[in-house]
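First up is the structure itself, then whatever we jot down about it.
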Amino acid sequence: MKKYFSTRLVSKAIPLCVAVLLPLSKVAAQTKADDAKMNTFVTGLMGKMTVDEKIGQLNLVTIGAATTGSVVNKGVEEKIKKGSIGGVFGVWGADRVKEVQDLAVKNSRLHIPLIFGLDVIHGHRTIFPIPLGMSAVWDMGLIKQSAQIAAKEATAEGLNWVYSPMVDIARDPRWGRISEGSGEDPWYGGQIAKAMVQGYQGSSMKNADAVMACVKHFALYGGAEAGREYNTVDMSRIKMYQDYLPPYKAALDAGAGSFMSSFNTVDGVPATANQWLLTDVLRKQWGFKGFVVSDYTAVNEMIAHGLGDLQMVSALALKAGLDMDMVGEGFLTTLKKSLAEGKVTNQEIDLACRRVLEAKYKLGLFDNPYKSIDASRAKEVLTPETRAQARNISKHSFVLLKNEAQTLPLKKTASIALVGPLADNHRDMLGTWVIAGEWEKSVSVLEGIKNVAGSNVTINYAKGANITEDSLFIKRLNFGPGMVSVDPKPADVLLKEAVDAAKKSDVIVAVVGESQSMSGESSSRSDIDIPESQKNMLKELAKLGKPLVIVLFNGRPLTLTWEDTHANAILDVWAPGTEAGNAIADVLFGDYNPAGKITATFPRSVGQIPIYYNHKNTGRPYDGKGPSKFKSNYLDISNDPLYPFGYGLSYTTFGYSDVKLSKSKLKGNETLTASVNVTNTGKYAGEEVVQLYISDPVASISRSVKELKNFKKISLQPGEQKEVSFNITPEELKFYNSQLKYDWEAGEFIIQIGTNSADTHTASVQWSK
Ligand code: BGC
């Protein structure tokens with residue numbers, strides 16, 4: 001391999017598989033030696049750099065193929081040659097990336113390679129379910145596999161940095177970006193964060209098929225007031241530490257190489273210039289060693305936040321611990337002036353520059369800036385094998401929300417009315433954030449059903465309704481060309497076609513819900529019903545008295561109270577990705593028995609939001625019997641959600657025994673074993689996610705009513721029984737008290753095991769110190 005920098009100073013990172021065989025002391029010594037080599041290398045390089053070149057490393061630009069704002073950088077080629085750019089995003093494909101990398105490596109004074117990033121969020125070319133759907137899988141092996149495939153495809157196209165995982169806890173489904181995260185639970189969100197980072201970064205970021213993860217958005221972005229995009233976040237420190245920060249910390253502990261700051265304020269200071277967040281918490285408390293990039297033009301946006309002019313906000317961001325400025329070029333255009341005026345120091349610029357160079361070193365880019373650019377790897381992208389893997393992962397993400405009288409699975413002899421704007425549709429199969437994913441290559445539901453059903457099924461297809469008939473809404477959804485295509489036929493004509501199709505059929509399958517651009521960034525909604533045009537169609541179909549199955553596409557929990565009452569079955573498929581139609585058909589016809597469980601509570605009405613299972617009790621708790629005066633409830637609706645966190649049905653049924661405890665009194669660091677017997681009481685083989693929650697009824701602060709602490713996913717044949725056990729230690733009892741000390745307090749704990757957060761079997765223990 002051609003060496004681009006002096007390899008005497010470049011270490012070979014020991015792969016983790018070797019590392020685990022070595023005693024820990026040796027691993028630590030090796031890491032120290034690697035770090036020492038990296039420091040020597042980076043110090044040597046920085047010794048040759050001018051201040052301008054150092055500031056250049058802090059500048060991340062987009063060439064324009066993928067932007068979320070109005071700004072696209074100008075004069076990129078010249079700037080790269082001058083050493084004024086450290087990284088580029090929005091460029092992929094081996095040839096394109098090579099061309100741009102050549103500008104830096106062959107034409108800049110110090111030949112420092114660029115880092116190439118992209119929003120690879122749920123797959124690169126092979127698209128997996130949107131992250132909220134992915135989180136319904138409850139299988140960390142599959143989640144990690146999706147990140148590994150994404151990393152392999154991204155590196156095959158020259159990328160080495162992905163802006164994922166998005167680990168923002170979200171409890172407000174009005175917020176469109178709830179689709180990009182793993183739902184509402186801090187512990188579960190942390191498990192996914194870890195699996196994703198491990199999948200992306202592999203055993204070493206130097207590997208040709210590994211990318212550096214970028215954990216976002218640090219921090220609390222999902223707490224936006226009223227679910228309105230980019231809005232203010234304001235919450236107590238206890239809530240931050242207990243409920244919102246854990247997934248970021250889990251990603252860091254898994255070795256994530258970089259973080260992205262969020263657009264919002266935290267304690268009144270925008271995260272992008274928040275020293276407490278970026279330095280005190282991230283680096284001093286948690287020990288983060290990587291680099292922090294801003295979100296898209298977030299440095300500049302601090303002017304609108306009211307923190308000063310561009311020079312001022314850029315200096316504030318650098319001083320707070322921000323290392324790289326995405327797109328806005330505030331660092332590039334003002335830091336030198338701030339240095340001359342004593343507003344920032346050489347040390348602060350050096351520190352940020354060092355962190356960016358270290359990231360490039362850890363990726364092996366100084367060894368070989370072209371390490372993953374290999375035209376022969378183009379065939380590794382969107383292969384029959386990755387499609388098969390995507391189909392498997394997608395079907396694991398579907399959640400059966402209702403299945404009255406075994407309406408599903410469908411018989412492979414039925415005549416089916418397949419209706420709805422998402423039934424014969426490729427565009428909306430992939431969901432939000434699919435920069436390099438090609439929707440034309442996705443499998444529609446109609447195609448999938450034809451592929452799976454066999455020749456004895458009759459399909460009567462009709463579109464039935466447009467996504468929406470609201471022209472203003474359509475205009476907003478069409479921020480990219482052709483995102484929502486509208487059938488010009490009048491709504492009543494479309495509807496009649498669907499009714500006619502239904503009349504000739506045994507069963508109606510209505511494929512409805514949200515189109516691609518209805519969730520994701522800048523897609524907040526105040527009304528989270530299925531749009532009116534589609535709901536009207538459902539209402540007409542329901543009148544026919546035939547079995548009505550809803551296949552629901554959604555980037556967020558929707559309010560489905562009407563649908564839950566009137567449809568016979570509801571299968572939530574989120575936005576399943578490239579293999580959408582095949583995976584949906586696998587489940588509709590029972591070739592796979594669904595086992596997904598929701599990770600964000602589905603409200604009955606938008607008025608219940610924010611709604612989440614791990615809330616506090618209050619002093620006047622709701623008694624579960626319906627609204628009553630002088631209790632913490634609404635007068636007009638129950639407090640209960642429509643579908644609680646962890647909920648999801650199967651074609652079979654599962655019976656749970658009472659909880660068995662190894663002891664009822666424990667002391668100090670003892671371990672408790674809690675178990676249940678789970679029996680498949682139905683007719684189909686199936687999988688069940690057995691969930692463990694713990695409540696701490698008496699403590700020095702008011703605790704959540706329960707918290708998820710563990711789960712196990714098991715498979716059972718009809719009639720089969722398995723014992724499922726969880727080991728519980730004081731670690732699972734810890735929480736942040738009012739001094740922000742993370743500890744547990746002696747007393748009673750209620751151990752709860754069950755099929756979802758609202759349906760558990762309980763047992764009580766006393767645990768003393
Ligand atoms: C989003 C980030 C994304 C970035 C780059 C921003 O608008 O908030 O999640 O990584 O754009 O595309």
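For Thr729 and Ser25, the difference between the fully extended length at 0.36 nm per residue and the C-alpha to C-alpha distance is 250.8 nm.
When the convex hull of its Cα atoms is viewed from all sides, region 654-768 shows a mean projected area of 6.8 nm². Annotation for Ala699 and Lys411: the two label points, set 7 Å from Cα along the Cα-Cβ direction, are 5.3 nm apart.
Placing a label point 7 Å from the Cα of Asp591 along the Cα-to-Cβ direction, the residues of region 441-460 whose backbone N falls under 12 Å of that point are 448-455.
For the set His761, His122, the ranking by accessible area, highest first and with no ligand, DNA or RNA atoms included, is His761, His122 under a 1.4 Å probe. Annotation: Glu469 carries an accessible surface of approximately 90 Å², with a 1.4 Å probe and no ligand, DNA or RNA atoms counted. Potential lengthening of the chain between Lys741 and Asn669 amounts to 24.1 nm, from the contour at 0.36 nm per residue minus the alpha-carbon distance. Centre-to-centre, using Cα atoms only, region 696-760 and region 653-690 are separated by 12 Å. In this structure, Lys82 and Ser485 have a Cβ-Cβ separation that, at R0 = 41 Å, corresponds to a calculated FRET efficiency of about 0.40. For the pair Lys503 and Ser455 in one chain, pulling the backbone fully straight at 0.36 nm per residue adds 15.2 nm over the alpha carbon distance. 7 Å from Cα along Cα→Cβ at both Asp95 and Thr345: what's the point-to-point distance in nm? So the label points at Asp95 and Thr345 sit 5.0 nm apart. The calculated FRET efficiency for the pair Asn617 and Glu720, based on their C-beta separation and a Förster distance of 35 Å, comes to about 0.40.
The values are calculated or read from the model by the stated rules, or taken from the named source; none is laboratory data. Just so you know, these numbers come straight off a predicted model, no measurement behind them. Every residue, glycine as well, gets a Cβ built from its backbone with ideal geometry; the counts of neighbours run over all protein chains shown. Keep in mind that these areas ignore ligands, DNA and RNA; they rest on the heavy atoms of the full protein, side chains included. Shrake-Rupley method; radii C 1.70, N 1.55, O 1.52, S 1.80 Å.
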